[in-house]
Amino acid sequence: MALPFLKIVLSFVVILVCLRLQLQLGLAILAGSAFLTVVFDHGFWFWCSNAAAGVLDGQTLLLASIVTSILIFSDLFEKSGMSRRLLDSLQGMQRWPRLSLAFFPALIGLLPMPGGAIFSAPMIGHIGEQVGAPVNDRALLNYWYRHIWELSWPLYPGIILASTLSGIPVLSLSTHMLVGPVACLVLGYLYYMRPGVLTLQAQPTRHGEGLGFSFPDMRRNAMPLAIAICGSVFFELFLSHTKLVTPELGILAALAAGVGFIMWRNALGWSHVFQAAFSRQNGKLLAIVGSIFIYKQILGETGAISAITVSGAGLLTVLLCATILPFLVGVVSGITMAFVGSTFPIILLTAQHVGLQDHTLAFMVLGLFSGFVGVMISPLHICFVLSCHFFGVNSMTIWKRLVTPCALLFGVGVLYAGLLYLR
């Protein structure tokens with residue numbers, strides 16, 4: 001087992017070193033795949049042929065389409081002003097300051113936009129100033145509650161990618177991961193929100209200010225989210241039962257409907273769609289998707305995992321892969337897609353070749369919790385950096401307050417994955 005496993009770990013180290021040198025994620029994963037090709041005695045044309053096979057795979061193209069649709073939806077929802085109007089319509093929640101401080105970043109967290117914490121920061125700053133919340137707490141609440149859905153929300157590319165790689169339907173994986181947001185909510189309340197931890201000053205409310213919701217505005221501006229979210233669930237359930245086409249196409253249909261509604265409601269032209277689809281940000285995301293499937297393809301074709309199996313690897317190897325590797329990539333990159341894309345192919349193929357493929361869900365859960373904890377405590381996480389910068393706080397002070405709840409969240413993940421494995 002030692003030599004083949006060491007080669008895979010070294011390919012992983014190559015990815016980490018490239019990320020540490022601030023190489024783009026897609027290029028870092030390609031470097032790892034090239035390293036695998038060399039150490040398993042294959043040549044340039046082997047890499048090229050398998051790279052082409054990985055990029056042109058149906059799963060790759062479908063995932064690329066979903067990622068592009070999510071980005072278009074998020075971009076139009078923001079640029080149309082609907083997201084800002086939605087927040088404005090909910091100003092009445094300021095009557096309940098603790099709820100408001102958690103609600104607004106959590107609401108923005110439903111949209112998987114990179115750096116979304118900076119989008120909710122002004123609102124948290126405004127509410128926090130009114131109720132006398134310490135500035136460190138404002139930054140921490142904005143960062144924590146922005147990410148409570150990331151372990152389960154079916155619109156997040158990391159969940160979609162994990163589903164695509166593992167073959168577990170998105171809705172099924174998302175449902176099984178609901179324990180993640182629940183744990184985040186509980187830990188957030190205990191460590192950041194409860195009285196005695198978060199001290200607020202009583203603020204008199206001026207007559208007529210913040211006394212209610214603007215329900216018509218809220219309903220109108222929340223409609224794209226409702227279409228995308230409810231439509232995704234409905235279409236995936238429908239297609240899962242009918243088995244006419246792959247259920248992931250339901251997500252595409254729901255996102256397209258949400259985009260169409262935004263365009264119609266705000267009289268936006270197709271130029272806005274094309275601008276988002278062909279943006280540099282989307283190009284980078286698609287490059288990451290392609291590189292992930294190239295790495296997966298080469299990992300399988302080199303025979304690396306088979307070699308580990310012949311050498312006698314077992315459950316311990318899979319557990320080490322599912323805990324240490326996602327955590328390390330999460331810490332180094334601060335990106336969910338990074339740890340899913342670079343480590344889950346290793347986890348899945350190792351589990352398959354040691355005969356533990358029936359426990360795929362348990363290993364996916366363990367890997368998602370491990371990687372997410374790494375992402376949350378990563379000093380490179382863009383939302384962490386932006387939150388600390390916006391509120392002008394010391395990043396180390398904020399980081400120290402993340403360690404304990406993140407450690408407990410990891411413990412929840414280990415226990416839950418263990419239950420799934422034993423059931």
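Overview of results
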{"quantity": "Reachable lysines from LYS79, criterion Cα separation under 22 angstrom, eight or more residues apart if same chain", "calculated": "LYS284"}
{"quantity": "Label point at VAL414 placed 7 Å out along Cα→Cβ; residues across segment 319-352 whose backbone nitrogen lies under 20 Å", "calculated": "319-332, 347"}
{"quantity": "Gyration tensor (alpha-carbon) shape descriptor, segment 118-199, a/c threshold 1.5", "calculated": "prolate"}
{"quantity": "Calculated diffusion of segment 328-423, Stokes-Einstein form, Kirkwood radius summed over Cα pairs, 4 °C and 1.567 mPa s, µm²/s", "calculated": "90 µm²/s"}
{"quantity": "Largest-first ellipsoid semi-axes for segment 29-85, taking √(5λ) over the Cα gyration tensor eigenvalues, angstrom", "calculated": "38, 12, 6"}
{"quantity": "Angle between the chain longest axis and helix 179-188 axis [Cα atoms, degrees, rounded to 10]", "calculated": "50 degrees"}
{"quantity": "Net +/- balance of residues flanking LEU62 in space, Cβ distance below 15 Å, scoring K and R +1, D and E -1", "calculated": "-2"}
{"quantity": "Over segment 368-423: Kirkwood hydrodynamic radius from C-alpha pairwise inverse distances, Å", "calculated": "12.4 Å"}
{"quantity": "Segment 356-397: projected area of the alpha-carbon convex hull, averaged over directions, in nm²", "calculated": "3.6 nm²"}
{"quantity": "Rounded to 10°, Cα long-axis angle of helix 382-391 versus longest principal axis of the chain", "calculated": "30 degrees"}
{"quantity": "Nearest-20 debye value, the chain charge dipole, Cβ charges on Lys, Arg, Asp, Glu", "calculated": "760 debye"}
{"quantity": "Debye intensity ratio I(q)/I(0), log10, segment 310-369, q values 0.17, 0.25, 0.26 Å⁻¹ (C-alpha model)", "calculated": "-0.49, -0.95, -1.01"}
{"quantity": "5 angstrom amide H check on ALA133, placed H, neighbours 5+ away", "calculated": "GLN201"}
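Quick note: the coordinates plus some simple rules give every number you see, no bench work behind them. Everything numeric in this text was worked out from a predicted model, so none of it was measured. With ideal geometry, Cβ positions are generated from the backbone for all residues, glycine too; neighbour counts draw on all protein chains shown.
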